[in-house]
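The values are calculated or read from the model by the stated rules, or taken from the named source; none is laboratory data. Keep in mind that this is a model prediction, so the values were computed, not measured. Positions of Cβ are backbone-derived with ideal geometry, glycine not excepted, and every protein chain shown enters the neighbour counts. We work out accessible area using only protein heavy atoms, side chains counted, and drop any ligands, DNA or RNA first. Shrake-Rupley method; radii C 1.70, N 1.55, O 1.52, S 1.80 Å.
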Amino acid sequence: TVYSDLLLDRASHAGYDLELTIDRTIQDIVETELALGVANFEAKSGSVVVVEPRTGELLALANFPTYNPNAPSGSVAARRNRAVTDRFEPGSTVKVFTVAAAIDEGTMDPEDEFDCERGVMKVGEDDVIRDTSIHSMLSVTKILTYSSNIGTAKIGMTLGREGLYRAFRRFGFGAETGLGLPGETAGRLSHFGRWYELDAVTISFGQGFSANAVQLAYAMAAVANGGLLMEPLLVKRVKDELGHVVEERLPRVKR
């Protein structure tokens, strides 16, 4: 009896409970709609990340294809948490960050207009960037409305290379989010000192660097939260076997 009692560590046997920020209703909706979206667009895979901008709470995270953790058979790729492990060029989604940075730094006024050169702009001796539609003078709002690469590039130029790089780093690109999930990629945002002339232009509209879906979601949440980037929050509380709170994590502004 004494021997068996010594073997039984009741605290470790019971373990702690983790109270997550995940909203089961939102998570269920996200998983269903993601599967439908991948099927409808005949995509190979997809991820969805849902964040509460004011607190940084992760409300849902889903990947497709997925798997049953109680029976983790099948493709190894299906077991990858793509929202944190996979990086991609975020493209036009980052135009809002370029605009936000220029407004914040005062390098342009929201009422300013930029010449979008009827859809074609030469960069250096050999490179050209294009818009999908032809426009001349566009306001900042219209540049976002029409998703103008040229207009965004010119807004980025007002910041300069160092200013654009610093702004994107402040939004969280090029670094792990700190969410705590294994295998997270930091993405790739090279130092502005290594940018070519074309890089300095294309990075402003999301080409030439990479991010993961969680980084992008939290950066966009910072815009929705008045410019405050929150610490990602997944575990709200840790409780022991008696229900006592061992650890509590509260919303915290990262930058």
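Net charge within 15 Å of T158 by Cβ-Cβ distance, Lys/Arg positive one each and Asp/Glu negative one each, not counting T158 itself?
My count for the surroundings of T158 gives -4.
With N set to the number of residues, divide the alpha-carbon radius of gyration of segment 145-255 by 2.2 N^0.38 Å and report two decimals.
Details: Rg = 17.5 Å, N = 111, 2.2 N^0.38 = 13.2 Å.
Rounded to two decimals, the normalised Rg is 1.33.
Using the Karplus curve 6.51 cos²θ - 1.76 cosθ + 1.60 with θ = phi - 60°, work out ³J(HN,Hα) for each residue of segment 113-119 in order, rounded to whole Hz, and write x for Gly and Pro.
10, 10, 7, 8, 6, 6, x
If you filter segment 75-123 for GluC sites (Glu not before Pro), then keep DSSP loop positions with at most 15 other Cβ within 10 Å, what is left?
Listed in order of number, the matching sites are E111.
Could you give me the percent of Cα pairs per 10 Å distance bin for the chain, shortest bin first, beginning at zero and ending with the bin that holds the maximum distance?
Answer for the chain: a P(r) of 7, 24, 29, 22, 11, 5, 2, 1, 0 percent.
Explain nothing, just the number: dipole magnitude of the chain about its Cα centre with +1 on each Lys and Arg Cβ and -1 on each Asp and Glu Cβ, in debye rounded to the nearest 20.
Details: 27 positive and 35 negative charges, 53 e Å.
Using Cβ point charges on Lys, Arg, Asp and Glu, the chain gives about 260 debye.
In square angstrom, rounded to the nearest 10, how much accessible surface does T21 have for a 1.4 Å probe?
About 10 Å², rounded to the nearest 10.
Find the centroid of the Cα atoms in segment 149-204 and in segment 46-107, then give the distance between the two in whole Å.
Centre-to-centre (Cα) distance: 17 Å.
Roughly what % antiparallel, to the nearest 5, for the DSSP beta bridges in the chain?
95 percent
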